[in-house]
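> Below you will find the structure I want to go over with you.
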Amino acid sequence: MKTASAQELATKKCLPCEGGVEPCPLDFSQQQLQQLSGWSLTEDHKRIFKRWTVTNFVEAMRFFNEITKLAEEDGHHPDLHLVGYRHVTIEIWTHAIDGLSENDFILAAKIDQLPVATKRS
C-alpha cells in the first residue's frame, strides 16, 4: 500500500467494503495521516478523527449537512459529534473491518476541502 497526498486522495472515490480485508497497518496509517492536516488516530488505532471549533451552532449544522451530502455520494459514513453547540468532531473508520481502510483517508481528504467557518483565537 502506498501513501497518497491529500489532493490525490480527494480525487478518489470510496469503494464498497463488506469485510474480508485486513485493516491498514499502523505504520501505513501513521504515514498517511502525515498527508492530512489535523487528523489523528484514536488510542486503539482503529479510527481517525478531527476537531473543529466553528463560529456558531448554525455553522456546525451547515458543515454537518455538507458532510452528509459528501458521505452519501461516496457511500461512506462518518460519526458526527457536536458538543457545546460549536465543538465539532468527525470520526471515521470502516465498520465492516473494524479498522481503517483507504476509504477513511479519502473521506477525510474530501471533508478537508469543504468550507467551514471556524472560531478564531
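> Suppose the chain between THR55 and ASP74 were pulled fully straight at 0.36 nm per residue; how much longer would it get relative to their current alpha carbon spacing? The partial results should precede the final answer.
Working: separation 19, 0.36 × 19 = 6.84 nm, distance 2.73 nm.
That works out to 4.1 nm of additional length.
> How large is the charge dipole for the chain, taken about the Cα centre, if only the Cβ atoms of Lys, Arg (+1) and Asp, Glu (-1) carry charge, to the nearest 20 debye?
Values: 13 positive and 17 negative charges, 125 e Å.
Computed charge dipole of the chain: roughly 600 debye.
> Please give the net charge around LYS12, taking every other residue with its beta carbon less than 13 angstrom from that of LYS12, where Lys and Arg add +1 and Asp and Glu add -1. Could you put the intermediate results ahead of the total?
Values: positive: LYS2, LYS13, LYS110; negative: GLU8, GLU73, ASP74, GLU102, ASP104.
Its environment carries a net charge of -2.
> If you take the beta carbon distance between ASN65 and GLU91 as r and set R0 to 25 Å, what does 1/(1 + (r/R0)^6) give as a FRET efficiency, to the nearest 0.05? Don't skip to the end; give the middle numbers.
Numbers: r = 18 Å, r/R0 = 0.71.
The calculated FRET efficiency here is 0.90.
> Enumerate by residue number the GluC sites (Glu not before Pro) in region 1-103 meeting two conditions: DSSP loop (anything except H, G, I, E, B), and at most 13 other Cβ atoms within 10 Å of the site's Cβ.
On the way: sites: GLU8, GLU18, GLU43, GLU59, GLU66, GLU72, GLU73, GLU91, GLU102; in loops: GLU18, GLU43.
Taking region 1-103 and a limit of 13 other Cβ atoms within 10 Å, the loop GluC sites (Glu not before Pro) found are GLU18, GLU43.
> Under 23 Å between alpha carbons: how many lysine pairs meet that in the chain, if sequence neighbours fewer than 8 apart on the same chain are excluded?
Qualifying lysine pairs in the chain: 19.
> May I ask for the net charge around THR118, where only other residues with Cβ less than 12 Å from the Cβ of THR118 are counted and Lys, Arg are +1 while Asp, Glu are -1? Intermediate results must be reported in sequence, preceding the final value.
Numbers: positive: LYS50, ARG51, ARG86, LYS119, ARG120; negative: GLU59.
Computed value for this residue: +4.
> Calculate the FRET efficiency for LYS119 and SER5 from the Cβ-Cβ distance with a Förster distance of 22 Å, rounded to the nearest 0.05. Please report the intermediate quantities before stating the final value.
Values: r = 28 Å, r/R0 = 1.28.
With a Förster radius of 22 Å, E is 0.20.
> Suppose a student asked you for the relative contact order of region 42-121, using Cα pairs under 8 Å spaced at least 6 residues apart; what percent would you report? Present the calculation step by step, with values, prior to reporting the outcome.
Values: 104 pairs, mean separation 32.4, N = 80.
Result for region 42-121 is 41 percent.
> Kindly state, to the nearest 0.05, the FRET efficiency for LEU82 paired with LEU26, given R0 = 41 Å and r defined as their beta-carbon distance. Walk me through the intermediate numbers first.
Details: r = 29 Å, r/R0 = 0.71.
Efficiency for this residue pair is about 0.90.
> If one computes the Cα centroid of region 67-121 and of region 1-60, what distance in Å separates the two points?
Each part reduced to its Cα centre gives a spacing of 9 Å.
Bear in mind these aren't lab numbers, they're just calculated from the coordinates by the rules spelled out. It should be emphasised that the depicted structure is a prediction, and the values quoted were computed from it without experimental measurement. Using ideal geometry, Cβ is built from the backbone for each residue, glycine included, and neighbour counts are taken over all protein chains shown.
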